[in-house]
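Here is the structure we will look at, set down as structure tokens.
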Amino acid sequence: MQIISTHKNTDFDALASMVAATILYPGSIPVIPKAVNPNVRDFLSIHKDVFKMYRTNEIDFAEVESLIVVDINSWNRLDLPDKLREKKGLEIILWDHHSDDGDINPSWKCVDEIGANITLMVRMLKEKKKVLTPIQATLFLAGIYEDTGNLSFLSTKAEDAHAAAFLLEHKADLNIVGKFLRPAYGEKQKNVLFQMLQSAARTRIKGYSISFSKLDINGHISGLSLVVNMYRQILNVDAAFGIFENKDSGKCIIIGRSNVDALDIGVIMRSIGGGGHAGAGSAMLKSVNSDKVEEMIRNLIEGDQRTSVQISDLMSFPVVAVSSDTKIKDVGSILKEKGCTGLPVVDDGRLVGIISRRDFRKIRKKSQEKAPVKAFMSTNVTTIDPEKSPIQAARLMIKHDIGRLPVVENGRIIGIVTRSDAMVYLYDLLPE
Ligand SMILES: [Mn+2]
């Protein structure tokens, strides 16, 4: 017998992947965990006849020769008996889109970091030219939308969007998708969100706006990740962390959400024993208190390789500069020759102003061309410290609508960082 299973707290991606596996592996039996997400439970109760799911107590595990695991790579998160794990000669087929190394040892696998696991399976369904019903296409699209936040999470890949297009072509019903994907904020979730907002505080680490919310909880509360997601959106911070401590069980659940690429939640969560993607992740820790957890995350963000890039790593130097008595005509030729749009004005190593192409509009008469640059330069210059981050540089440039920032240390100009330097870094335009 061949069975299919997935992680506890089954979401739409996991359910969709199980159904896709029944198509790819004819005759296989989908075995669903006892605990499924509330919206998946609602969906299944209406579609009971269409998607027949089996419970563990309906399966004779002695008969199982082959196990297909979808959307997870961890024995602990499966709802299957231990004796199956220990079974000799068990064939295991693994489909997963999480990057962390799991403890399932498959005989065959398809593992790829991508927005949704169902995208990987759609790839194979397309290859094998399998025919999908509109109801299957609808469920699969719900899986993609849920796991990628409607294709907006940073983990989303082009292939997820292609798969979504393919499913729409196969008559996926957006009405039904929207109906079931609407986040289920129950009374408990609303209370948690309300408490988080009441004590909301923002802090700055490495130029990122970040919020930590620490809350004591009693018993199990489902959907905490939805709550943290909403919390981040309302606060409009780059990243938000919900640290939920259950004093009775001594467990601490940490959920993180990030909206900036360089702040990778998956990396942070893996460092503290959890997992996730760039935009979303979680961890569960035992016998730590929430203050300790916050301190750990702060240290990780401060020490993070990618976020620790400083302006001094990006800036150009030596700086082409002119002195304040240089004739404006000569400044014009230097700009043309160097192909740049502005220059710092420096006297004896001290920054006294900045001249940009825009300032040349102030020249009205030909005779003015012989005047010194100090007559036209801006003296109100925004500068940046060398140890600041590229994000901070980008923010300053946007705020003041300027294209370059002199990098100043102890009053002396040591380099210059331009809009394109910041863009190259932020968008990874150059290979490392
Ligand atoms: Mn998934």
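Computed from backbone phi, the HN-Hα couplings of the stretch 51-63 come to 10, 6, 10, 9, 9, 4, 6, 9, 10, 8, 5, 5, 8 Hz, rounded to whole numbers (Karplus: 6.51 cos²θ - 1.76 cosθ + 1.60, θ = phi - 60°; Gly and Pro given as x). With a Förster radius of 56 Å applied to the beta-carbon distance between D103 and R395, the computed FRET efficiency rounds to 0.85. Take every Cα pair under 8 Å whose residues are at least 6 apart in sequence, average their separation, divide by the length of the chain, and the relative contact order is 9 percent. Separation of the stretch 103-169 and the stretch 1-64, taken as the distance between their Cα centroids, equals 17 angstrom. The modelled label-to-label distance between Q368 and R298, using points 7 Å beyond Cα along the C-beta direction, is 5.2 nm. Each Cα pair under 8 Å and six or more residues apart adds its separation to the average, and for the stretch 92-251 the resulting relative contact order is 16 percent.
Restricted to Cα atoms, the stretch 320-374 shows a radius of gyration and a Dmax of 10.5, 31 angstrom. Descending by average beta-carbon neighbour count within 10 Å, the peptides 225-236, 340-351, 316-327 line up as 225-236, 340-351, 316-327, the highest first.
Residues of the stretch 364-396 with an amide N closer than 12 Å to a point placed 7 Å from the Cα of D261 along the Cα-to-Cβ direction: none. In this structure the amide hydrogen of V346, modeled in the peptide plane, comes within under 5 Å of the amide hydrogens of V322, S323, S324, V352, none closer than 5 places in sequence on its chain. Here the contact order of the stretch 2-181, divided by its residue count and restricted to Cα pairs under 8 Å and six or more residues apart, works out to 24 percent. With a Cα cut-off of under 27 Å and a minimum spacing of 8 residues unless on different chains, the lysine pairs in the stretch 187-303 number 20.
Let me know the charge dipole size of the chain about its Cα centre in debye, to the nearest 20, where only the beta-carbon of Lys, Arg (+1) and Asp, Glu (-1) is charged.
On the way: 56 positive and 53 negative charges, 398 e Å.
Around 1920 debye, computed over the chain.
As a calculated quantity, the FRET efficiency between K130 and N57 at R0 = 30 Å, using C-beta atoms, amounts to about 0.45.
Using the Cβ-Cβ distance between D49 and Q233 with R0 set to 30 Å, the FRET efficiency from 1/(1 + (r/R0)^6) comes to roughly 0.20.
What residues from the stretch 97-140 fall in the zone where the backbone N is under 15 Å from a label point 7 Å along the Cα-to-C-beta line of A158? So the set is 115. Once you list every other residue whose beta carbon is under 12 Å from the beta carbon of R123, what net charge do they have if Lys and Arg are +1 and Asp and Glu are -1? Net charge in that neighbourhood comes out at 0.
Read-outs: derived from the displayed coordinates by stated rules, not from any lab. These numbers come from a predicted model, not from an experiment. All Cβ positions, glycine included, derive from the backbone under ideal geometry; neighbour counts span all protein chains shown.
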